[in-house]
Each structure stands twice: as structure tokens, then as C-alpha cells.
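Okay, structure first, notes after.
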Amino acid sequence: MYGGGNTFEAPKQNEMQAEDPQKLAEFEARIERGEKIEPSDWMPALYRKQLIRMIEQHAHSEIIGALPEGTWITRAPGFRRKLALMAKVQDEVGHAQLLYSAAETLGKSREDMLSDLISGKSKYSNIFNYPAFTWADTAVIAWLVDAGAIVNQLANSRGSYAPYSRALERICAEESFHLKYGHHAVIHLATGTPTQRKMVQEALNRWWAPLMHFFGPPDKMSVHTEVLMKWKVKMATNDDMRQQFLDMYVPKIWELGLTIPDENLRKNEETGKWDYTEPDWEEFKRVINGDGPLNKERLAVRRIAEERGRWVRNALLKSEANYVTPLA
Ligand code: FAQ
């Protein structure tokens, strides 16, 4: 597994030296022309490794990401909200399925990916290691975390690896429903009783810093961006995605009369970019390396799901092995 555990460790230069220069040049020319790479095409080992790392982390983020909202299904305020939340959580798990399949095309098995998740070897998004204390937390996740995910995924769906692009296109279509559902839930609270307004403001205060972390470290600290952008896996830098998110969503948050817990946040007229207080990047490093408020609990839930579901997987594999098609 690439880079597991050692955050901010740059890709090793000698990983590129082993490649056949002519094949590498042809591959890079294809990328330059905007062609898509399919699993059976030649690709540099580092491209494969980086894609496995990124798609696998993304898949893990979807199944772990189902947990903070999932805990609210039984406590959702009303039947309509419960139905919508159940559908959303189910979608997120479905996204993980699509992404694990895309990563499998690169040669790493699903079993290995899941065992690396459970052992703590693989990373997943920082943001799902924080608790959802109230119903308003789920509304903020569904609106703003999904919004952040869409900013990232819409850009990268135009990327070079065909199975990942196809998965992202489908995921974005579903995420846009989540975003509408989340926006509706936040509007409901923000225009509701003083208690509801307070509840949603407090949730926003809790999620703001993790949301700023969500797009990854500042470009000057990012170790993978350069190579990923060269090969059109990542279609925008971490800072550009963060700026795009701020551009699109800060006005919408302010429109609801909510405040953002950063007194330095403003659009700089000269640069055309948002100025903001850097979130605590030491906290980010701790959280993505396993020491956030809920990392242990999140992985424990996954471990239990793995153990309890083993007999189902075994039974399915066995029945597949015994199944003979009528035409065979
Ligand atoms: N969390 O050099 P960079 C969702 C790590 S899906 C944890 O900048 P890169 C849906 C990074 O892995 C959310 N770790 O890395 C949903 C690397 O460590 P490594 C997930 C992070 O790859 C919504 C190190 O820091 N989305 O939310 C994070 O160029 C609602 C250095 O960083 C994706 O995974 C982070 N936030 O850029 C579900 C999208 N950021 O591996 C339920 C695909 C960085 O060397 C409810 N991934 N790190 O040990 C990407 O676009 C990129 O991988 C980035 C990071 C932008 C996340």
C-alpha cells in the first residue's frame, strides 16, 4: 500500500527510473491528448500505485462516511426525513462498491483493501472521524460535506483513468440529490425556532475546520499533487478546490443568516481569492493518522461488520461456485 501511515512522504524519485522511456513518452502523449486510460492499457507503475492509493482511500471514505449519518436513521425527525436519510446512507455505501470495483481493475483485491482499512494501514477522509451530536450535524454533513465532495469529484471525473471517471460521474449525479436534501434540511433549521437556529449554527461551528481540512493540505505541503496533476488524475489542486468551495458556498451560508467561525474569512478584492485563517494542520495530521475523536470507534464498527458479514460472503461464494448455468 502506497504511503500508508507516513503522511506527507513524497513519492520516491527512483520509482520513475525503472520505466521504459518510450512507453512512458507514449503514455504521457496520450494523457496530453486527453485520452482515457483503460485497465488493460500500459501504465507506469507509479500511476497505478497512486490511483490505487487515491481510489481506495476514496472508497473507504464512502463506507466510513456512512457512519456519522447512519447513527441518526433511528432518530430522524419524522418518517420523510428517515426515508431520505436511509436512501442517502445506502447511496454512500453503493459509492464505495463502485470505487472498490474501480480500484480492483488496478490489481488490488477488495479483501486486501478492506483489511488495510481495518488494520489502520489505509487512510480515509479526515472528516468522518468527528461525531454527529445532533440532527443538525447530519444536515450540515449532507449539505456541505457532500458539496465539498462534489467540487472534488466533478473536477476529477474528467480525469485520465477511465474506470475512476465513470464511477465519479455516476457518484456525482447521486451526490447532487444529497446536497439538495442537505440544503433543504439546513434551511428548515435555519429558518425555524430559535432552538433550531442555535442547533444548526453550533453544528456549522463544529464542522467548519474539518471541512477546510477536507480538501487536503495547502498546495505547498501536498506531496502527491504534482504527479497526479501531470497525469490528469487530479484536475485541480487542493487550494483551488478549497477556493471553489468557498466561492460557491460561503454566500449561501451567509444568505441563511448563519455565521462562519472564522473572523478572517473574506473575499480579497485584489487577488479575487478568499482569505481565511489556516485551520490547524497539526490536528489534521493527527486525525488522518488515526488519532482523531472517533477513529477507533469508526474502525471498530467496520471490524464488527466484517466479522458478522463473513458467513454471508462465504455462503455467496460457495453458492456461486456450485452454480451451473443451464446452457453450460
Ligand atoms: N483526509 O499530497 P496530498 C465523501 C492525505 S468522499 C485524509 O495533498 P492527494 C462522500 C493524503 O492521502 C471524501 N487524508 O494528497 C461522502 C496523503 O497521505 P498518504 C473523500 C488526507 O492525494 C459525503 C497526505 O494527506 N474524497 O465525502 C486528506 O494529492 C458525505 C498528503 O496529501 C476523496 O477521497 C483528507 N481530507 O490529495 C460520504 C476524493 N487530504 O496517502 C458520506 C479523492 C489529504 O501519502 C457523507 N481523493 N490526505 O499517506 C482526492 O481527491 C485526493 O486524494 C485528496 C488529497 C484531495 C483528498
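The values are calculated or read from the model by the stated rules, or taken from the named source; none is laboratory data. Everything numeric here is computed off the predicted structure, so don't read it as measured data. Neighbour counts are summed over all protein chains in view; Cβ atoms, including those assigned to glycine, are modelled from backbone coordinates with ideal geometry. Please note that ligands, DNA and RNA were not included when accessible areas were found on the heavy atoms of the full protein model with its side chains. Shrake-Rupley method; radii C 1.70, N 1.55, O 1.52, S 1.80 Å.
Values as computed for the structure displayed
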| quantity | calculated |
| --- | --- |
| Nonlocal amide H pairs with TRP274, under 5 Å, H built at 1.01 Å | ASN268 |
| Assigned charges on the beta-carbon of Lys, Arg, Asp, Glu; the chain dipole about Cα centre (debye) | 1020 |
| Distant-in-sequence amide H partners of ILE37 (H built 1.01 Å from N, under 5 Å) | TYR161, ALA162 |
| Where GluC sites (Glu not before Pro) fall in DSSP loop in the range 36-128, at most 11 other Cβ within 10 Å | none |
| Over the chain: helical MRE at 222 nm, DSSP H runs n ≥ 4 each giving -39500 (n - 2.57), nearest 500 | -20500 deg cm²/dmol |
| Positive-end extreme of charge dipole, the range 207-328 - chosen from MET241, TRP231, PRO217 (charges on Cβ) | TRP231 |
| Rough spin-label spacing in nm, given labels placed 7 Å along Cα→Cβ, for GLU32 and THR191 | 5.3 |
| Of ASN314, TRP274, SER61, farthest towards positive along the dipole that unit charges on Lys, Arg, Asp, Glu beta carbons give the chain | ASN314 |
| Full-stretch length increase - ARG310, THR71 - with 0.36 nm per residue and alpha-carbon distance subtracted | 83.8 nm |
| Candidates per trypsin sites (Lys or Arg not before Pro) in the range 221-276, loop by DSSP, up to 15 other Cβ within 10 Å | LYS273 |
| Greater than 23 Å apart at Cα, pairs in LYS123/LYS234; LYS49/LYS230; LYS121/LYS296; LYS36/LYS123; LYS198/LYS267; LYS198/LYS285 | LYS36/LYS123; LYS198/LYS267; LYS198/LYS285 |
| The chain, relative contact order [Cα under 8 Å, separation at least 6], % | 20 |
| Translational diffusion of the chain, µm² s⁻¹ [Kirkwood Rh, Cα pairs; Stokes-Einstein; 4 °C; 1.567 mPa s] | 61 |
| Positive dipole terminus of the range 13-304, leading residue within ALA84, GLY159, SER40 (C-beta point charges) | ALA84 |
| Heavy-atom surface of the range 13-304, accessible at 1.4 Å and reported per residue (Å²) | 46 |
| Mean separation of Cα contacts under 8 Å (6+ apart) over length of the range 176-328, as relative contact order % | 17 |
| Simple label model, 7 Å out from Cα along Cβ direction - GLU278 to ARG80, nm | 4.6 |
| Within the chain, longest stretch clear of exposed chymotrypsin sites (Phe, Trp or Tyr not before Pro) (DSSP loop, no more than 13 other Cβ within 10 Å) | 134-322 |
| Euclidean distance of C-alpha centroids, the range 44-109 and the range 196-255, integer Å | 19 |
| Carbon plus sulfur fraction of accessible area for the range 194-328, probe 1.4 Å, in percent | 54 |
